[in-house]
Amino acid sequence: MTTTMGATELSACLRQYGLQVSGPARLLSGGHVGQSAVVPTAQGLLVVKRCNRRFDPARVQLAAQAHQHAARAGLAPPMRLTRDGQRTAQVEDATYTVAEYVDHAERAGPAGFASALAALHSHFEGFSPQGRCPNFLQLPDPPAADLERIRRQTDDAASQEAIEWRIKILAEFGLEAQSLAAVPRSWVHGDARPDNLLITRGPGRRLFIDFDQVSRFPRPYEIVRAFMACISPRLPAHLLGSTFRDYLNAYHAVAPIPATDRAIMIDLYLTVQAAETRTFTTPQGEIRGMPAFARARHQQLTWIIEHRGLLRRVAEEAQT
């Protein structure tokens with residue numbers, strides 16, 4: 001069970017940075033990949049993040065390197081290093097990162113988010129992390145392989161029904177393994193969405209946070225996934241097309257999207273979302289019944305299939 005970070009724990013962490021807590025800490029909401037607190041110190045407000053224990057030290061180190069790389073270009077809040085020059089701190093069996101707190105005011109709209117994401121992707125072209133770590137985002141080969149395995153192992157009727165539906169989606173709309181293998185892999189944020197982009201007060205800087213899922217993965221997938229996170233599923237069809245077009249054009253103005261990427265991005269997104277199996281398994285890989293998150297994924301896939309033709313046309317026509 002994850003416990004709430006207390007004063008003793010925060011003090012032990014910040015001592016490794018040569019800092020002391022100077023007042024009450026404030027826990028931040030969210031925290032499915034870690035728990036964060038805003039902590040006052042003599043050097044200003046800092047965000048201390050305790051990383052989820054399902055992320056091993058290699059993953060935390062990779063996330064910290066990605067954050068630091070983005071921060072050097074003004075695309076993420078500055079990170080603090082320990083007194084020993086390390087990006088992370090260890091207290092007992094937990095790993096921590098510390099970054100400067102950013103007072104933010106607003107949420108980015110789709111076009112604004114697209115330009116920020118394109119800037120991050122462009123900067124990631126020069127990202128060369130030290131050490132090795134498995135990608136958080138992965139695709140089985142063939143795409144339905146993990147779903148087939150779970151279908152054979154589970155006796156839960158709801159999970160079986162949902163899995164069979166996803167396998168049908170992959171057969172009808174998904175990209176084949178050969179086509180997936182041909183899509184270039186590049187560094188991506190992994191969880192690019194409006195909640196992970198801070199727009200500062202005053203001079204409008206756009207800063208990404210939470211690089212825990214950074215991976216080498218097909219970039220067109222992240223472009224579409226981020227767009228889906230920016231809009232409401234209740235957006236009318238006549239606005240969906242124009243909003244997606246503006247989003248792609250804003251991204252393209254910063255980092256041109258190859259025609260080959262635009263041609264496959266919608267079906268790539270469908271393939272990855274349908275093939276994903278974390279909604280059916282625990283972090284230890286054990287099969288579990290379908291939770292509310294899996295039902296939400298079902299609704300999301302239904303919605304994008306309904307609008308697939310429109311989105312594919314817009315993607316193929318954007319900036320041509």
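The values are calculated or read from the model by the stated rules, or taken from the named source; none is laboratory data. Note that the coordinates shown come from a computational prediction; the quantities given were computed from them, not determined experimentally. Note that we place each Cβ from the backbone using ideal geometry, even for glycine, and neighbour counts take in every protein chain shown. Side chains are part of the model used for accessible areas, which takes the heavy atoms of the whole protein and leaves out ligands, DNA and RNA. Shrake-Rupley method; radii C 1.70, N 1.55, O 1.52, S 1.80 Å.
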Lone unmet requirement of (1) more than 17 Å from the chain's Cα centre (by Cα); (2) aliphatic (A, V, I, L, M); (3) surrounded by 15 or more Cβ atoms within 10 Å (Cβ to Cβ) for A63: (1)
Looking only at the stretch 125-147, how many residues end up being open to solvent by less than 30 Å² (accessible area, probe 1.4 Å), modelled with pLDDT of 90 or more and not hydrophobic (A, V, I, L, M, F, W, C)? 1
Restrict the check to the stretch 148-157 and report whether at least one residue is crowded, with 18+ Cβ neighbours inside 10 Å and modelled with pLDDT of 90 or more. no
In the list F211, F217, which residue meets the criterion of being closer than 30 Å to Y101 by Cβ and touching a His at 6+ places or on another chain (Cβ under 6 Å)? F211
Tally of residues being within 24 Å of A12 (Cβ to Cβ) and among the aliphatic types (A, V, I, L, M) across the stretch 63-91: 6
For the stretch 87-99, name all the residues that are in a loop (DSSP other than H, G, I, E, B) and open to solvent by 30 Å² or more (accessible area, probe 1.4 Å). R87, E92, D93
Name the pairs whose Cβ atoms lie under 6 Å apart, with the first residue in the stretch 136-159 and more than 13 Å from R278 (Cα to Cα) and in a helix (DSSP H, G or I), the second open to solvent by less than 30 Å² (accessible area, probe 1.4 Å) and at pLDDT below 90, and 6 or more positions between them or separate chains? R151/I163
Within the stretch 67-86, the residues that are buried (at least 21 other Cβ atoms within 10 Å of the Cβ), out of contact with any His (no Cβ under 8 Å at 6 or more places or on another chain) and farther than 24 Å from V21 by Cα are none
Between a residue in the stretch 104-124 that is among the hydroxyl-bearing types (S, T, Y) and open to solvent by 40 Å² or more (accessible area, probe 1.4 Å) and any residue that is at pLDDT 95 or above and in a loop (DSSP other than H, G, I, E, B), which pairs come within a Cβ distance under 7 Å, given they are 6 or more apart or on different chains? S122/A255
Take A296 and decide whether it is of a type in the set (G, A, S), touching a helix residue (DSSP H, G or I) at 6+ places or on another chain (Cβ under 6 Å) and either outside any loop (DSSP other than H, G, I, E, B) or modelled with pLDDT under 95 (or both). no
Write out, first by first residue and then by second, each pair whose Cβ atoms fall under 7 Å of each other, whose residues are 6+ apart or on separate chains, and whose first residue, in the stretch 179-206, is closer than 19 Å to A73 by Cα while the second is open to solvent by 10 Å² or more (accessible area, probe 1.4 Å) and of a type in the set (F, W, Y). W187/F127; G190/F136
On the basis of being under 27 Å from H189 (Cα atoms) and either out of contact with any His (no Cβ under 6 Å at 6 or more places or on another chain) or of a type in the set (S, T, Y) (or both), does F127 make the cut? no
Only one of these conditions is not met by A119: (1) within 20 Å of the chain's Cα centre (by Cα); (2) not in a helix (DSSP H, G or I). Which number is it? (2)
Taking C133 and the conditions (1) under 29 Å from R87 (Cα atoms); (2) assigned to a helix (DSSP H, G or I), which numbered condition does it fall short on, given that it satisfies the others? (2)
Test each condition in (1) free of Cβ contacts under 8 Å to residues at least 24 places away in the same chain; (2) surrounded by 13 or more Cβ atoms within 10 Å (Cβ to Cβ) for V47 and report the one that comes out false. (1)
Of the numbered conditions (1) assigned to a loop (DSSP other than H, G, I, E, B); (2) surrounded by fewer than 16 Cβ atoms within 10 Å (Cβ to Cβ); (3) of a type in the set (V, I, T), I257 fails exactly one; give the number of that condition. (2)
